[in-house]
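Below: the structure, in structure tokens.
The values are calculated or read from the model by the stated rules, or taken from the named source; none is laboratory data. Note that the structure is predicted; figures quoted are calculated from it, not measured. Methodologically, a virtual Cβ is constructed for each residue, glycine included, from the backbone with ideal geometry; neighbour enumeration extends over all protein chains shown.
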Amino acid sequence: MAWLGWLLFLIGRVPQRKKGKNREMGGTGMFCRWCVTVLVCLFIAAAQAGAAATDGGLPKRTLKSNRTVIYNILPQDVDSVGEMFDRGVFYGRLRVNTFRYDWEKERSGATRDNWAIGLGGSMIYKTGFLHGLGMTAGLYVSESPWRMDDNEVGYLKSGKDVLCRHSVATGNGHNMAVLAQAFIQYRSEKNDIRVGRQIFESLLTASNDTKMIPNTFEGVSVYTTLVPDTSVRAALLTRQKLRDHTSFHHVLAYGDDVSDPFSKWSENDDSAMHKGLTLSRLDARGIDDRLVVAEIVNKSIPDLSVMANCTMVPKLVWTGTGEANYSIDIGHGIRVVPGVRYLRQFDRQAGEIGGASIAGKITPADNRGYDDPYSMDGSLVAARIKVQKGADSFMLGWSRVSDDADIIAPWRGFPTGGYTRAMGRYNWYAGTRTVMVQAGCDLGKHGVFPGLGVMVRYALQDFDDAKPDVSADSRVLTIDLIQRVSAIPGLEFKARVEIVRGENDAVDMNGAVKPDPSCKDYRLEANYLF
């Protein structure tokens, strides 16, 4: 198993071709190396297949449909420092991701049909726990063997996360090798404390590990269940590393270094980032952006789950959210679960610095359709009703954002997630209303097709036409297929298709026709966990 980790590490250290060399030869040579390496890795992984499960055949890890990793087997307590490493556990993963994004109508200099391929994997090692203390390190690598030309990297959409755009644009290559997790951990029966690089899952922060490398943070986190029927998680996060970055960066600052023509990709360049909160503006005010999160979930009342979340960047913005879900058993194995979420955003200087629009284009002469253009005060309300029977589910969701300010959430947790957010969509702009229907079915458990799961979503997105920086209205259909291969434990495939049909005649406040958002997004991925 250790040899596999070294192979994955060496892939990340493959020398980059020099800027200006023939792209085809460089790509082909790299791809050949990858083919050989992956074949060797698969051979070693197959030889280690017996180590992938313990008694009863329980896999060390499993993937949820949203690609969140669940650890079923964790290292045990040990009696010495030597045993910490001798009895540690390796977790390996090989993955391939392919993307094709086609616009209904390309716009010169703005949009272009694009595609990307990512090939890579990860090796995570967790030590045993001595007096509650342990350590975790996770190395992730990604290579894009076939790709668009370097000068087209800015056109990438869903496929952008298989590489680092800033590295490509500055001639530093297409591969990523990142120690995305590296933390010291203390655990007891009801407490878990982590210090270092880590995944932190909460309402607005998430690993969102649907591409090649997860979204992670640097900081301190605490999780406790000391209070009966209650879980509490909190964190102070000082740095973030988005999925397409090779280094950790600011959590709420947009790059604007005038000496770097590609600085927009150097800091937090998430699609939901507030581009008006530039690093130079924050530095001018002496603001050191830090992310503070606290989240409580209580289930003391039978069938009722209540969540409260506070997410803030002091001196800029903070968000308070409450959510409740009540499960009703109506018999025949069917449960109906109504839920509601309310989010309130409080401005602390973000609006004054960057404006109410996360596009960052508001000026004293142009309010971009916002009544109070320099205030980030705003809110979001969402409701849903879910019907569940075994592995089958149906959901009807609705959300509305107040016509005040866009919601700030560039940490890969989504304000409308679980209610109305469809694949790759951002529907928390001011004045946006969305309705979504979702249905899921496990065809394997129905005896139709072994190991196959299906998820379908259909969303109607009603944006504020007056705002120039907000999309035109659209209808979104997504279909997800997940195929687990029982003959090879740990191997699964996922295919995703998204079809967007948008308005092509929407007119903004300036009388300009908005771009047609119609497009198709195709994704295919393979994962092998061992």
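For segment 401-416, the tally of residues that are under 18 Å from Met436 (Cα atoms) and in a strand (DSSP E or B) stands at 1. Just so you know, in segment 210-237 the residues that are under 30 Å from His174 (Cα atoms) and in a strand (DSSP E or B) include one that is farthest from the chain's Cα centre (by Cα), and it is Gly219. Identify, from the list Arg87, Arg95, the residue that is under 21 Å from Arg496 (Cα atoms) and among the basic types (Lys, Arg). Only one candidate passes the filter, namely Arg95. Taken as a whole, segment 281-296 holds no residue that is over 30 Å from Phe394 (Cβ atoms), surrounded by 20 or more Cβ atoms within 10 Å (Cβ to Cβ), among the basic types (Lys, Arg) and touching a helix residue (DSSP H, G or I) at 6+ places or on another chain (Cβ under 9 Å).
Of these, Val195, Val222, Val232, which one is of a type in the set (A, V, I, L, M, F, W, C), in contact (Cβ under 8 Å) with a residue 12 or more places away in the chain, touching a Gly at 6+ places or on another chain (Cβ under 9 Å) and surrounded by fewer than 18 Cβ atoms within 10 Å (Cβ to Cβ)? Answer to the check: Val195. Flag not set for Met212, criterion: touching a Cys at 6+ places or on another chain (Cβ under 6 Å) and either aliphatic (A, V, I, L, M) or over 18 Å from Gly120 (Cα atoms) (or both). Being touching a Pro at 6+ places or on another chain (Cβ under 9 Å), surrounded by 17 or more Cβ atoms within 10 Å (Cβ to Cβ) and over 19 Å from Pro314 (Cα atoms) holds for only one residue in Pro373, Pro364, and it is Pro373. Listed by position, the strands (runs of 3 or more DSSP E) enclosed by segment 258-377 that each have at least 2 residues that are in contact with an Asp or Glu (Cβ under 7 Å, 6 or more places away or on another chain), at pLDDT 95 or above and farther than 20 Å from Phe248 by Cα are 304-313, 317-326, 334-347. Residue pairs whose Cβ atoms lie under 9 Å apart, sitting 6 or more positions apart in sequence or on different chains, and linking a residue in segment 392-413 that is touching a residue at least 40 places away in the same chain (Cβ under 8 Å) and buried (at least 20 other Cβ atoms within 10 Å of the Cβ) to a partner that is aromatic (Phe, Trp, Tyr) and assigned to a strand (DSSP E or B), are Trp411/Phe217. Among the residues of segment 381-391, some residue qualifies, meaning at least one is part of a loop (DSSP other than H, G, I, E, B) and at positive phi. Here Ser300 meets the list (1) without any contact (Cβ under 8 Å) to a residue 40 or more places away in the chain; (2) farther than 29 Å from Arg425 by Cα almost entirely, failing just condition (1). Restricting segment 108-118 to residues that are farther than 10 Å from Lys160 by Cα and modelled with pLDDT of 95 or more leaves a set whose member that is surrounded by the fewest Cβ atoms within 10 Å (Cβ to Cβ) is Asp113.
Residues in segment 158-192 that are surrounded by 19 or more Cβ atoms within 10 Å (Cβ to Cβ), out of contact with any helix residue (DSSP H, G or I) (no Cβ under 8 Å at 6 or more places or on another chain) and small (Gly, Ala, Ser): Ser158, Gly159, Ser167, Ala180.
Looking across segment 96-143, just one residue is outside any strand (DSSP E or B), small (Gly, Ala, Ser) and touching a Gly at 6+ places or on another chain (Cβ under 6 Å), and that is Gly128. When segment 437-483 is filtered for residues that are at pLDDT 95 or above and of a type in the set (Lys, Arg), the ones remaining, listed by number, are Arg457, Lys467, Arg475.
So that you can scan it fast, the table gives a plain yes or no per residue for (1) closer than 27 Å to Thr225 by Cα; (2) part of a loop (DSSP other than H, G, I, E, B):
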| position | (1), (2) |
| --- | --- |
| Gly173 | no, yes |
| Val195 | yes, no |
| Leu203 | yes, yes |
| Asn208 | yes, yes |
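Just one residue in the set Thr434, Thr420 is over 23 Å from Val292 (Cβ atoms), assigned to a loop (DSSP other than H, G, I, E, B) and modelled with pLDDT of 95 or more; that residue is Thr420. On the basis of being farther than 18 Å from Trp411 by Cα, in contact with a helix residue (DSSP H, G or I) (Cβ under 8 Å, 6 or more places away or on another chain) and crowded, with 20+ Cβ neighbours inside 10 Å, does Gly134 make the cut? It is true that Gly134 is farther than 18 Å from Trp411 by Cα, in contact with a helix residue (DSSP H, G or I) (Cβ under 8 Å, 6 or more places away or on another chain) and crowded, with 20+ Cβ neighbours inside 10 Å.
Scanning segment 92-107 for residues that are of a type outside the set (A, V, I, L, M) and surrounded by fewer than 21 Cβ atoms within 10 Å (Cβ to Cβ) yields Thr98, Arg100, Asp102, Trp103, Glu104, Lys105, Glu106, Arg107. The requirement of being of a type in the set (S, T, N, Q), surrounded by 18 or more Cβ atoms within 10 Å (Cβ to Cβ) and either assigned to a strand (DSSP E or B) or without any contact (Cβ under 8 Å) to a residue 24 or more places away in the chain (or both) is fulfilled nowhere in segment 54-75; no residue meets it. Of all residues in segment 86-142, exactly one satisfies the criterion of being β-branched (Val, Ile, Thr) and free of Cβ contacts under 8 Å to residues at least 40 places away in the same chain, namely Val89. The set of residues in segment 469-526 that are of a type in the set (S, T, N, Q), part of a loop (DSSP other than H, G, I, E, B) and either touching a Phe, Trp or Tyr at 6+ places or on another chain (Cβ under 7 Å) or crowded, with 20+ Cβ neighbours inside 10 Å (or both) contains only Ser471.
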